[in-house]
1. Suppose we filter segment 144-160 for residues that are in a loop (DSSP other than H, G, I, E, B) and in contact with a helix residue (DSSP H, G or I) (Cβ under 6 Å, 6 or more places away or on another chain); how many remain?
2. How many of the residues making up segment 298-317 are in contact (Cβ under 8 Å) with a residue 40 or more places away in the chain and within 15 Å of Ala166 (Cβ to Cβ)?
3. Does at least one position in segment 194-206 carry a residue that is touching a residue at least 24 places away in the same chain (Cβ under 8 Å), at negative phi, in a loop (DSSP other than H, G, I, E, B) and of a type in the set (Asp, Glu)?
4. Go through segment 272-294 and give me each residue that's among the hydrophobic types (A, V, I, L, M, F, W, C) and loosely packed, with under 14 Cβ neighbours inside 10 Å.
5. Has segment 169-182 got at least one residue that is surrounded by 20 or more Cβ atoms within 10 Å (Cβ to Cβ) and either part of a loop (DSSP other than H, G, I, E, B) or without any contact (Cβ under 8 Å) to a residue 40 or more places away in the chain (or both)?
6. Give all pairs with beta carbons closer than 9 Å in which a residue from segment 339-362 that is more than 12 Å from Lys269 (Cα to Cα) and of a type in the set (D, E, K, R) meets a residue that is at pLDDT 95 or above and outside any helix (DSSP H, G or I); count only pairs at least 6 apart in sequence or on separate chains.
7. So is Gln226 assigned to a loop (DSSP other than H, G, I, E, B) and within 22 Å of Arg320 (Cα to Cα) or not?
8. Looking only at segment 237-251, decide whether some residue is of a type in the set (Asp, Glu), modelled with pLDDT of 95 or more and either more than 24 Å from Leu32 (Cβ to Cβ) or outside any strand (DSSP E or B) (or both).
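The values are calculated or read from the model by the stated rules, or taken from the named source; none is laboratory data. A quick note: this is a predicted structure, and the numbers were derived from the prediction, not measured. All Cβ positions, glycine included, derive from the backbone under ideal geometry; neighbour counts span all protein chains shown.
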Amino acid sequence: MPCNEGSSDGDRGFPSDITATPTPNSIVKKYLLRRVDVFRELMDLKLKGWENPKGDNHFKEQRIRADHAHDFGQRIFYEMMCQIGDELQNNSSDLLPLSALGGPPSVLDLCMAPGGFTASVLKRNRYARVCGISLPLSQGGHKIRLPNWQKDSRLQVAFLDVTMLAAEMDVPDIPAEHPDAANFLLDRPFYGEDFDLVFCDGQVLRMHSRAEYREGREAWRLLASQLVLALQRIRVNGKIVALLHKVDAWNTVALLHTLSKFSSLRLFKPVKKHALRSSFYVVADQVQPQSVYALQAVATWKKSWSVATFGSDEEYREYREDFKGLDRVDAVLSDFGPELIRLGRPIWRIQGAALRKSSFIS
């Protein structure tokens, strides 16, 4: 099953997705438009925004600032992530209880830098232990901004590209002719450890140097890599917090439906930061990593990663098309649609309120 593929926040999915020829995205949107007032209002606001060049300029300027942030801008980014982490924990008072074993809680922070979520965790629980994985600076990763993190015995950080963990994906043999043959990793970071909470907060970095074949597939590879690691490191009844985009996108709907089979879900969207954007976090509680559904999901995500990493353009396209069968979309909405509406309403309400206050909605 392909994963959520990220988002350009210049989302032009409405109204062009509502076409005479049904697509997975258009079917989901029609389903929601017929049933959810707050979603219809949000789509109307988006349409007004796309008709105003100020909207494009707003997000373009944000991308430029993010791509070319110097030390001051990077510190602002760290502080923003701390604030999002604090808001998440205020919204989830039980996000990090004592470990199931009665000791200090353990956290795995994937795509950790600049470290805002870890800082928020340690502020709430000074005895928590945090293991992190972060893209090296030499490959375009962010700098870790946690004060004195190198000397903090509670922290352990592995610097690597999380999308290149071939052994974790059950691919021990790499074709010699592959453009990334020398870059795959056969180690399995933090293997054998169980964590109470896993953050999957990675986003594709535009400044990350990577092989050409990865460009159209990287968001998929990144999310699949994080989800596999999370499910293979989470403790029974633990929590996973994952960054996603566009509640109404078919990829997102399918992923939420899958997660709902082995965990209890709720969605969180920061009110103070990124309220305009389509991004949000899914908080999966009471995760059952050894359930049949979880094991099936991990196997599917590994297959997705393998096709995106080693498959030809044709193989990749065919795999994607298999996932987009319209009968499957209808079946998921029949089973999961009411729950999707319950989960999505607060997210659409927050984004709609932010758009109404924006400078490019007239």
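1. Here the count works out to 2.
2. Step one: list which residues in segment 298-317 are in contact (Cβ under 8 Å) with a residue 40 or more places away in the chain, which gives 298, 300-302, 304-306, 308-310, 316.
Adding the requirement that they be within 15 Å of Ala166 (Cβ to Cβ) leaves 301-302, 304-306, 308-310.
Residues meeting the conditions: 8.
3. Step one: of segment 194-206, the residues touching a residue at least 24 places away in the same chain (Cβ under 8 Å) are 194-206.
In the following step, the residues that additionally are at negative phi were identified as 194-206.
Going one step further and asking which of them are in a loop (DSSP other than H, G, I, E, B), we end up with 194, 201-206.
Within this subset, residues satisfying the condition of being of a type in the set (Asp, Glu) are 194, 201.
Scanning segment 194-206, I find at least one residue that is touching a residue at least 24 places away in the same chain (Cβ under 8 Å), at negative phi, in a loop (DSSP other than H, G, I, E, B) and of a type in the set (Asp, Glu), so the answer is yes.
4. Filtering segment 272-294 down to residues among the hydrophobic types (A, V, I, L, M, F, W, C) leaves 275-276, 280, 282-284, 287, 292, 294.
Within segment 272-294, Val292 is the sole residue that qualifies.
5. From segment 169-182, those surrounded by 20 or more Cβ atoms within 10 Å (Cβ to Cβ) are 169; that's our starting set.
Applying the additional criterion that residues be either part of a loop (DSSP other than H, G, I, E, B) or without any contact (Cβ under 8 Å) to a residue 40 or more places away in the chain (or both) yields none.
No, there is no match, as no residue in segment 169-182 is surrounded by 20 or more Cβ atoms within 10 Å (Cβ to Cβ) and either part of a loop (DSSP other than H, G, I, E, B) or without any contact (Cβ under 8 Å) to a residue 40 or more places away in the chain (or both).
6. The qualifying pairs are Glu339/Leu265.
7. Working: assigned to a loop (DSSP other than H, G, I, E, B): no; within 22 Å of Arg320 (Cα to Cα): yes.
So Gln226 fails the test.
8. Narrowing segment 237-251 to residues of a type in the set (Asp, Glu): 248.
Filter once more, so that each one left must be modelled with pLDDT of 95 or more: 248.
Next, only the ones that are either more than 24 Å from Leu32 (Cβ to Cβ) or outside any strand (DSSP E or B) (or both) stay: 248.
Yes, some residue in segment 237-251 is of a type in the set (Asp, Glu), modelled with pLDDT of 95 or more and either more than 24 Å from Leu32 (Cβ to Cβ) or outside any strand (DSSP E or B) (or both).
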